[in-house]
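What follows is a single structure, written as structure tokens, with notes after it.
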Amino acid sequence: MKIDNIIFIGFMGCGKSTLARALAEDLDFVFLDSDALIQQKFNQKITTIFEQKGESFFREQEQKMADFFIHCQKACIATGGGFIHVSNLENIGFCIYLKASFEYLKKALNASEISKRPLFCDEIKAKKLYNERLNKYEQKANFILNVENKNINELLSEIKKVIK
């Protein structure tokens, strides 16, 4: 199977950036992170962008990233948790959903990591959002990878079996 790009989706804290970076290094692909690119564009943290410009503005920026990613080749792309709402996700590349339970994700994130995620700060709202997005992640994915209790090498091995 020829794969131009590999795009990682999933809820906040599931390891999209970590795994995309490791796979990019392993495959000699470019590593791109939609959240990091948006932060660099505005020279602001995502929490600040949310506070000052709102979530709808941030989603517009994600769509611009998606439009850019379509033109990329040989990239491993980490996305934000809400990136599944872009209109052209299926045109970007092979989509891997990193699946984990809400409880697992909550335990994996420390207070500093939670503070970087504006939609995770209120646990009740975060759990509701998690439940709302689950089906969409599964529908958009070409491959679903359960990440719970697996190390990075195990996860990379599972991905490489599917993409090669």
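The values are calculated or read from the model by the stated rules, or taken from the named source; none is laboratory data. Bear in mind the structure is a predicted one, so any value in this text is a computation, not a measurement. Backbone-built Cβ (ideal geometry, glycine too); neighbour counts: all protein chains shown. Protein only, heavy atoms only, side chains kept; ligands, DNA and RNA dropped before computing areas. Shrake-Rupley method; radii C 1.70, N 1.55, O 1.52, S 1.80 Å.
Details
Each row is one residue, and each column tells you yes or no for (1) of a type outside the set (S, T, N, Q); (2) part of a strand (DSSP E or B); (3) open to solvent by 10 Å² or more (accessible area, probe 1.4 Å).
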{"residue": "Glu51", "(1), (2), (3)": "yes, no, yes"}
{"residue": "Arg59", "(1), (2), (3)": "yes, no, yes"}
{"residue": "Lys64", "(1), (2), (3)": "yes, no, yes"}
{"residue": "Gln73", "(1), (2), (3)": "no, no, yes"}
{"residue": "Gly80", "(1), (2), (3)": "yes, no, no"}
{"residue": "Ile84", "(1), (2), (3)": "yes, no, no"}
{"residue": "Ile96", "(1), (2), (3)": "yes, yes, no"}
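- Members of segment 34-49 that are open to solvent by 80 Å² or more (accessible area, probe 1.4 Å) and in contact with a Lys or Arg (Cβ under 8 Å, 6 or more places away or on another chain): Lys45
- Each residue in segment 3-30 was checked for being among the aromatic types (Phe, Trp, Tyr) and open to solvent by less than 10 Å² (accessible area, probe 1.4 Å), and 2 pass.
- Only a single criterion out of (1) touching a residue at least 60 places away in the same chain (Cβ under 8 Å); (2) assigned to a loop (DSSP other than H, G, I, E, B) is not satisfied by Gln44, namely (1).
- If you filter segment 109-143 down to residues that are of a type in the set (Gly, Ala, Ser) and at pLDDT below 90, you find that the one that is least open to solvent (accessible area, probe 1.4 Å) is Ala126.
- Cβ-Cβ under 6 Å pairs, at least 6 apart or on other chains, segment 70-83 side touching a residue at least 12 places away in the same chain (Cβ under 8 Å), far side outside any loop (DSSP other than H, G, I, E, B) and open to solvent by 20 Å² or more (accessible area, probe 1.4 Å): Ile70/Asn91; Ala75/Val30; Ala75/Leu32; Cys76/Phe31; Ile77/Leu32; Ala78/Ser17; Ala78/Asp33; Gly80/Asp35
- Across segment 144-153, a minimum of one residue is classified as at pLDDT 90 or above and open to solvent by less than 40 Å² (accessible area, probe 1.4 Å).
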